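Data first, discussion second: the structure below is written as structure tokens.
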Amino acid sequence: MGSLIYQGIIIIIILTFSFGPAFFALINTGIKYGYKTGSFLAFGVISSDFFLCMLVCFLVYLGMANLLHSEKTQTFFSIVGGIVLIVFGAFYFKKPISKSDVTLDIQSMAPRPHVMILKGFFLNIFNPTVWLLWLANVTAISKTLEYSMIKMVIFFSIVLGSALFIELSKVYLAHKIKHYLTDKIMTTVNHLTGIALIIFGMLLIYNNYFDR
């Protein structure tokens, strides 16, 4: 039991404090749109984690985890994921951000929570690093839980529920500090998020296609 708790804590820390595309997008959304909209993005991110986790659990349970180790599979997801991240990043440069823009954006986005959920879902799921992370997590935990599908589902549901709570806390803190930010700082934060996503996307494509 102690080992499972320790492993669960490690997984939660890696999921919530890895400086990947989802991390920057969550902070940016919390600052720009507020807690409610940011929480939908966080839910989308965790939903994709849950989907990937259950998929890998199923593959490991059937002894087919080697499919995810395939070079062709990793190259395909890296290229598609890189393109998706670059496109997402480009949207952060669409126009300068001001506090009046934020008010209008909140009003326009409020009726469409599904947009933010889908954005979080696809932003996370097209990151090949997340696939490899879940393959490593599930492989390690499955041995401890004796490859029991029911036990793995229960364990990872608890882990991801805890991760969602931390993600919502990050969005809440980002929302709170936005009142102290000037329009110039908010625009800079937006651009830095876009740059981060584009760099992640370019590195994925380069490392898995050109650098072979």
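Quick notes on this one:
- For region 131-143, 3J(HN,Hα) per residue [Karplus equation, 6.51 cos²θ - 1.76 cosθ + 1.60, θ = phi - 60°, Hz, x = Gly/Pro]: 4, 5, 4, 5, 5, 5, 4, 5, 4, 5, 6, 4, 5
- If you take the Cα centroid of region 113-156 and the Cα centroid of region 35-55, the two points sit 11 Å apart.
- Compared with the direct C-alpha span, the chain from Leu59 to Phe93 gains 8.3 nm at full extension, assuming 0.36 nm per residue.
- Radius 11 Å from Cβ of Leu15, net charge of other residues (Lys, Arg +1; Asp, Glu -1): -2
Each reported figure results from applying straightforward, stated rules to the coordinates on display, with no laboratory input. Please read these numbers as outputs of a predicted model, since none were measured by experiment. Because the Cβ atoms are built from the backbone with ideal geometry, glycine has one as well, and the counts that use them run over all protein chains shown.
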